[in-house]
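See below for the structure under consideration.
Coordinate-derived values only; no laboratory data. Predicted model, so just to flag it, every value in this text is computed and none were measured. Cβ sites come from the backbone with ideal geometry, for glycine too, and all protein chains shown count toward neighbours.
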Ligand code: MLT
């Protein structure tokens, strides 16, 4: 599978494209359970965003904005011969990228699935905190920067799964410190999308995890209410990684949604 531009794309199946955008600090392997659910009817495109997974790591002091990341995704899709309208599925940071793809490349977006993500920009203190995490990654390494986040990612029931916790620890630890810093600065500087929500005209599925403390249910509900053509679901026994923690429920919502788009 080729590295395309700054992203790495894994493409499975044929049919109308469904593009999956992972959260921070993860990679495309977070969507394994979704391949089996929709890969027989759709062209599933799993993206490693710049700096993550098999995409080349960020170089020292490299700066990306979320809108540049969105442009890289679209360029990579185009270079792979995918230029049809696609459904974009974004988790958290992947959702921020999906918003930018909708804003900058609207003709590409047939539908949006926004999971565990928000339209709000960072508060000044949250942005400041990210800059500290970026500096920590560069000074002390990835583990020091990502460890405090670990507890918040999974609901207590999900933390019982050794398979899941080991995968998560390894995936997070594998990210290059430059990429951690790059993503932190990109997210800190991202735009607020709240005022854009009422202009999103494509069918949108919004999925929250009941125990998600990173993007709480009320924040996601308010976002869904702002999008004219959105449906909103809360998944029980899930924190911030709903597609991995509750793949059965998530996949059923996804399957029901893609049939209608
Ligand atoms: C993510 O899961 O991508 C992050 O929690 C996003 C963020 O830190 O805002």
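Dividing the convex hull volume of the alpha carbon atoms of the range 50-144 by its residue count, what do you get in Å³ per residue? Numbers along the way, then the final one.
Numbers: hull volume 11.2 nm³, N = 95.
So the per-residue Cα hull volume is 118 Å³.
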- the range 12-47 to the range 121-158: how many Å between their Cα centroids? 26 Å
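If you average over every viewing direction, what projected area does the convex hull of the Cα atoms of the range 138-217 give, in nm²? Don't skip to the answer; put the middle values down first.
Details: hull surface 28.9 nm².
It is 7.2 nm².
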- Rough spin-label spacing in nm, given labels placed 7 Å along Cα→Cβ, for residue 120 and residue 147: 2.9 nm
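Take every DSSP beta bridge with both residues inside the chain and express the antiparallel ones as a percent of the total, to the nearest 5. List each step's numbers first, then the result.
Numbers: 7 of 32 bridges.
Once the DSSP bridges in the chain are tallied, antiparallel ones form about 20 percent.
Rounded to the nearest 500 deg cm²/dmol, what is the calculated helix-only ellipticity per residue at 222 nm for the chain, with -39500 (n - 2.57) per DSSP H run of length n ≥ 4?
On the way: 10 runs with 114 residues, N = 261.
About -13500 deg cm²/dmol.
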- Residues 130, 104, sorted so that the one with the fewest Cβ neighbours within 10 Å comes first: 104, 130
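Can you tell me the convex hull volume per residue for the chain, based on C-alpha atoms, in Å³ to the nearest whole number?
Values: hull volume 28.6 nm³, N = 261.
Roughly 110 Å³ of hull volume per residue.
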- Message: Please rank 142, 194, fewest neighbouring Cβ atoms within 10 Å first, as an exposure proxy.
- Response: 194, 142
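Over the chain, what is the relative contact order in whole percent, taking alpha-carbon pairs under 8 Å and six or more residues apart?
Details: 545 pairs, mean separation 54.4, N = 261.
Dividing the mean separation by the residue count of the chain yields 21 percent.
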- Quick one: 185, 78, fewest Cβ neighbours within 10 Å first, how do they rank? 78, 185
- Task: Can you work out the PRE-style zone for residue 80? Point 7 Å along Cα to Cβ, and I want the residues of the range 34-67 with backbone N under 18 Å.
- Result: 34-57
- Inter-label distance, nm, simple model (7 Å from Cα along the C-beta direction), residue 191/residue 163: 4.2 nm
- Query: Using a basic spin-label model with each label point 7 Å from the Cα along Cα→Cβ, how many nm lie between residue 219 and residue 33?
  - Reply: 2.2 nm
